[in-house]
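First up is the structure itself, then whatever we jot down about it.
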Amino acid sequence: QVQLVESGGGLVQPGGSLRLSCAASGIMFSNYEMGWYRQAPGKQRELVARISSGGFTNYVDSVKGRFTISRDNARNTVYLQMISLKPEDTAVYYCNAKLGGLYFYWGQGTQVTVSS
């Protein structure tokens, strides 16, 4: 059974930082592309950052320079370090695991709220 379990969300003031974690089980983690998506109320889910099995990374323009995605294959965990948070970063953040066009898994999401 595949499980992706996110943690690390919460309430933070503008300009603050959070680190999200996603622990995976039931998959050959090192083979998977891992991603972080987010969905704000009334908006579509969007890709925030992704990291390939080889460690290559991509970011949506709005988070470049502020968010960093990384992975620890020994721990089967992917991270999203977020700094200089803005109110518009408020959303539910979802972890995603993808392998080719066949395998696609989601976590349950973790809420990030940026507010003073």
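The values are calculated or read from the model by the stated rules, or taken from the named source; none is laboratory data. Note that the structure is predicted; figures quoted are calculated from it, not measured. No Cβ is skipped: glycine too gets one built from the backbone with ideal geometry, and neighbour counts run over all protein chains shown. Just the protein is used for accessible areas: all its heavy atoms, side chains included, with ligands, DNA and RNA removed. Shrake-Rupley method; radii C 1.70, N 1.55, O 1.52, S 1.80 Å.
Being loosely packed, with under 13 Cβ neighbours inside 10 Å and over 19 Å from residue 4 (Cβ atoms) is the filter here, so list the residues in the stretch 22-54 that pass it.
Hits for the stretch 22-54 are 41, 42, 43, 44, 54.
For the stretch 101-116: of the residues being touching a strand residue (DSSP E or B) at 6+ places or on another chain (Cβ under 9 Å) and of a type in the set (Gly, Ala, Ser), which is surrounded by the most Cβ atoms within 10 Å (Cβ to Cβ)?
The extreme case among them is 107.
Restricting the search to the stretch 84-100, which residues are outside any strand (DSSP E or B) and open to solvent by 20 Å² or more (accessible area, probe 1.4 Å)?
Result: 84, 86, 87, 88, 90, 100.
Among the residues of the stretch 30-83 satisfying the criterion of being part of a helix (DSSP H, G or I) and either touching a residue at least 60 places away in the same chain (Cβ under 8 Å) or touching a helix residue (DSSP H, G or I) at 6+ places or on another chain (Cβ under 8 Å) (or both), which is nearest to residue 107 (Cα to Cα)?
Residue satisfying both the conditions and the ranking: 31.
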